[in-house]
Amino acid sequence: MIQRVLVALFLCVALSGAAHCAELIQNFVSDVDVQPNGDLLVTESITVQAERLEIRRGILRDFPTSYVLPGGRRVVVGFDVLSVERNGQKEPYAIEYLDNGKRIRIGSGAVLLPRGLHTYTIKYRTTRQIGFFQDFDELYWNVTGNGWTFAIENAVATIRLPAGAQIQARAFYTGAQGEKGTDARIVGENGNVIVFRTTKQLLPRNGLTISIAWQKGIVSPPGAYLRAVYLFFDNIAISLSVIGFALVFFYFLYQWLRYGRDPAKGTIIPLFAAPPEMSAAAMRYVDRHNSYDNKTFTAAIVELAVKGHVTIKEEGGVTTLQRRDGGKPLKDEEEAIKRHFFPKEKHRSIELKRENHIRVGGANTALKERLQRAYDGYFRDNYGKWWLGLLFTFIAAVFCLAGIVLQFPSRYATDAFIGTLLPILPLLLASFALNNGFTSREGKGFLIGVGVLFGILPAALGLWYVAISVDGYLELIPTICAFASTMLCAFYLEWMQAPTKEGRKALDHIEGLRVYLSTADESARLEAFNPPEKTPELFERMLPYAIALDVETSWAAKFRNVLAAAALGPATAAATATAFSGWYSGDRDVTQDLGNVTSAVSSSLTTVVASSSTAPGTSSSYSGSSDSSSSSSSFSGGSSGGGGGGGGGSGW
């Protein structure tokens, strides 16, 4: 029995000592003086029980200064410490920067506090804490903050409004962040002064939040200019990113307006012959603004056949070009093709298959090189002005990254920085690849493909990375601006390429021929220009040009009746054969549908050419808006931890 009594006494003493040694905030007294210009002068008296557990040299008072509103817009409030005292005497302190605010580190690292009660008095000024709504102004204020690691025995908040203010509404909330506890009461109210007091101890991470509203006209809201300045600097990453993008955009727009716009088109009328100096392949090359593709090669092969130099034979899925003697005169690029197909007299045929890629690919390359030499002067690419645009794009990227470093809290800075940097470097590489692809003579498709691959995938990854890392969609703007700037730079040469006067004249002629080749015979517009009589010879002569301009089906449709026997029924074999006489033979039944056969020959030949030339291998619920750190009035949904002020602290 004696042993049990002794143990019980020991436990009582131990527990009593533990209770006596508990560190807490005995009193948290806040005096808030609302200035006519909207600033708050705040005096906080914080009496703590120090036992050298957490509170050894002093306390930490954290104060948030950066708020992210719904959607991602950021508001930064002012916070300036005026004085700090302990037990009525000046106390050393230092300001440290946190993720979303500032920390006052009170005390000296060389001084240990004696155990017992200590009262810290902190005076500071804070700005942009007033909510300006349509029918009232409001202070929604987190008195104690919800970040204290200590319990708060008692909290008192006295709010003083400017002279003449009449409090129209008031509210208070206690508890953890987001709770709507009512463990407080109003203990005094007289005109423009109101006092709140808690009625129950606030546990660690719990706080007191109050809200009062008064008539408009007492506190001056910021003017339009100041609001614009706030908006710019609060969201500096977005602001600098938009400025950087605007720099790139307007530079390229100026260059395009001055140099990149095509000369005005001439009057387009139906024309019945190609320009005498142009082959079908040349016409397609110029029509595509000096862009070469496999169908350009196809048009050249068909024209080579129509002129009587080769026969295109399709049998059993194999396409063969058989050499013919004689024929009509050829253009320089057509002669080059023929020489590569049949380099020696003994070469009388060639199968268009991968095994013959050296001869077929050589012919393809020869055609492209001669077209480039002959017709590149029809367009100007303004390549020299691209380098300055690339410099502006780099500046835009620097603006974007600098804004992120200045704006985003440290917990987001790495994510936002990586999310923007991730697309930037590959996009600049993509810009080089795309622009060189647009202007290169070799490997154009490969370079453009590399540019798209390096541009789209990293940008998508960067946007996704930022989207999952930040709070609101507005914080995606820096990455989007960086992406848009580099894409403008990447596609600059494609947009800037413009025809010369000679090139514009050739394009107008080509468009006139396209009108003739694709317009139905019964068109009054066409008949007014006295088109030539439709004959099998005309169909055959103009077919390569129709293929070059992608209107071979329409061109064939114009000759159905011409090739029909006595205009009484389907085309006869003899009449249709005349249209393909000597230059084509194969498995297709040209007597059934000339249009489909013509289109099929063109597409299949293009496919064969491709394979054979390649080697295997914010607002209140009451209407209005707010410029404070609070995005809306507390009376439409306030809670503990809401509004301005707040923060918390601990010991050190």
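The values are calculated or read from the model by the stated rules, or taken from the named source; none is laboratory data. In this text the structure is predicted, and so the values were computed from the model without any measurement. No Cβ is skipped: glycine too gets one built from the backbone with ideal geometry, and neighbour counts run over all protein chains shown. Accessible surface is based on the protein model in full, side chains and every heavy atom, while ligands, DNA and RNA are left aside. Shrake-Rupley method; radii C 1.70, N 1.55, O 1.52, S 1.80 Å.
Pull out all pairs, ordered by first then second residue, where Cβ-Cβ is under 9 Å, the residues are six or more apart or on different chains, the first lies in region 55-76 and is at pLDDT 90 or above and open to solvent by 30 Å² or more (accessible area, probe 1.4 Å), and the second is part of a loop (DSSP other than H, G, I, E, B) and of a type in the set (D, E, K, R).
none
Condition check ((1) under 47 Å from the mean Cα position of the chain (by Cα); (2) open to solvent by less than 10 Å² (accessible area, probe 1.4 Å)) across all residues:
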{"residue": "Met278", "(1), (2)": "yes, yes"}
{"residue": "Lys295", "(1), (2)": "yes, no"}
{"residue": "Glu303", "(1), (2)": "yes, yes"}
{"residue": "Val310", "(1), (2)": "no, yes"}
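Of all residues in region 188-205, count the ones that are closer than 25 Å to Gly38 by Cα and assigned to a strand (DSSP E or B).
8
Within region 115-132, is there a residue that is in contact with a Gly (Cβ under 8 Å, 6 or more places away or on another chain), closer than 30 Å to Ala237 by Cα and among the hydroxyl-bearing types (Ser, Thr, Tyr)?
yes
Could you please find all residues in region 340-376 being part of a loop (DSSP other than H, G, I, E, B) and open to solvent by 60 Å² or more (accessible area, probe 1.4 Å)?
The initial filter retains those residues of region 340-376 that are part of a loop (DSSP other than H, G, I, E, B), namely 342-348, 352-353.
Hits for region 340-376 are Pro343, Lys344, Glu345, Lys346, Arg348, Lys353.
Test Pro263 against the stated conditions and say whether it is at pLDDT below 90, in contact with a Pro (Cβ under 8 Å, 6 or more places away or on another chain) and outside any helix (DSSP H, G or I).
Values: at pLDDT below 90: yes; in contact with a Pro (Cβ under 8 Å, 6 or more places away or on another chain): yes; outside any helix (DSSP H, G or I): yes.
Judged against the criteria, Pro263 is a match.
Tell me whether region 493-513 contains one or more residues that are within 30 Å of Ile243 (Cβ to Cβ), within 15 Å of the chain's Cα centre (by Cα), at pLDDT below 85 and outside any helix (DSSP H, G or I).
No, region 493-513 contains no residue that is within 30 Å of Ile243 (Cβ to Cβ), within 15 Å of the chain's Cα centre (by Cα), at pLDDT below 85 and outside any helix (DSSP H, G or I).
Just for region 173-182: of the residues that are open to solvent by 10 Å² or more (accessible area, probe 1.4 Å) and either hydroxyl-bearing (Ser, Thr, Tyr) or modelled with pLDDT of 95 or more (or both), which one is nearest to Gly642 (Cα to Cα)?
Within region 173-182, the match that is nearest to Gly642 (Cα to Cα) is Tyr173.
Suppose we filter Ala305, Ala237, Ala246 for residues that are more than 25 Å from Ala396 (Cα to Cα) and small (Gly, Ala, Ser); which single one remains?
After ruling out the rest, the residue left standing is Ala305.
Tally up the residues in region 244-268 that are open to solvent by less than 70 Å² (accessible area, probe 1.4 Å) and among the β-branched types (Val, Ile, Thr), please.
The number of residues fulfilling the criteria is 2.
Quick check on Ile337: is it more than 25 Å from Lys505 (Cα to Cα), assigned to a helix (DSSP H, G or I), of a type in the set (A, V, I, L, M) and at pLDDT 90 or above? Break it down stepwise before answering.
Details: more than 25 Å from Lys505 (Cα to Cα): yes; assigned to a helix (DSSP H, G or I): yes; of a type in the set (A, V, I, L, M): yes; at pLDDT 90 or above: yes.
Considered against the rule, which asks whether it is more than 25 Å from Lys505 (Cα to Cα), assigned to a helix (DSSP H, G or I), of a type in the set (A, V, I, L, M) and at pLDDT 90 or above, Ile337 comes out as yes.
Could you please find all residues in region 20-67 being among the basic types (Lys, Arg) and assigned to a loop (DSSP other than H, G, I, E, B)?
Within region 20-67, Arg52, Arg56, Arg57 qualify.
Does any residue in region 304-328 that is within 17 Å of Val609 (Cβ to Cβ) come within less than 6 Å, Cβ to Cβ, of a residue that is aromatic (Phe, Trp, Tyr) and part of a loop (DSSP other than H, G, I, E, B) six or more places away or on a different chain, and which pairs are these?
That search, which allows pairs on different chains as well, returns Ala305/Trp583; Val306/Trp583; Thr311/Trp583.
Contact list please: Cβ distance under 8 Å, first residue in region 83-94 and over 10 Å from Ile106 (Cα atoms), second residue open to solvent by less than 60 Å² (accessible area, probe 1.4 Å) and not in a loop (DSSP other than H, G, I, E, B), pairs at least six apart or on different chains.
The qualifying pairs are Ser83/Thr121; Ser83/Ile122; Asn87/His118; Asn87/Thr119; Gly88/Thr119; Gly88/Thr121; Lys90/Ser83; Lys90/Val84.
For a quick check of your reading: which strands (runs of 3 or more DSSP E) sit entirely within region 106-163 and have at least 2 residues that are modelled with pLDDT of 95 or more and open to solvent by 40 Å² or more (accessible area, probe 1.4 Å)? Full working, then the answer.
Working: elements: 116-126, 130-132, 137-142, 155-160.
Those strands (runs of 3 or more DSSP E) span 116-126.
Among the residues of region 553-564, is any among the β-branched types (Val, Ile, Thr), under 52 Å from the mean Cα position of the chain (by Cα) and modelled with pLDDT of 85 or more?
So far as region 553-564 goes, yes, one or more of its residues are among the β-branched types (Val, Ile, Thr), under 52 Å from the mean Cα position of the chain (by Cα) and modelled with pLDDT of 85 or more.
Any chance region 216-224 includes a residue that's more than 39 Å from the chain's Cα centre (by Cα) and assigned to a strand (DSSP E or B)?
Taking every residue of region 216-224 in turn, none turns out to be more than 39 Å from the chain's Cα centre (by Cα) and assigned to a strand (DSSP E or B).
Tell me the residue from Leu208, Leu271, Leu240 that is touching an Asp or Glu at 6+ places or on another chain (Cβ under 9 Å) and open to solvent by less than 40 Å² (accessible area, probe 1.4 Å), please.
Leu208
Got a number for residues in region 538-554 being closer than 18 Å to Val310 by Cα and in a loop (DSSP other than H, G, I, E, B)?
0
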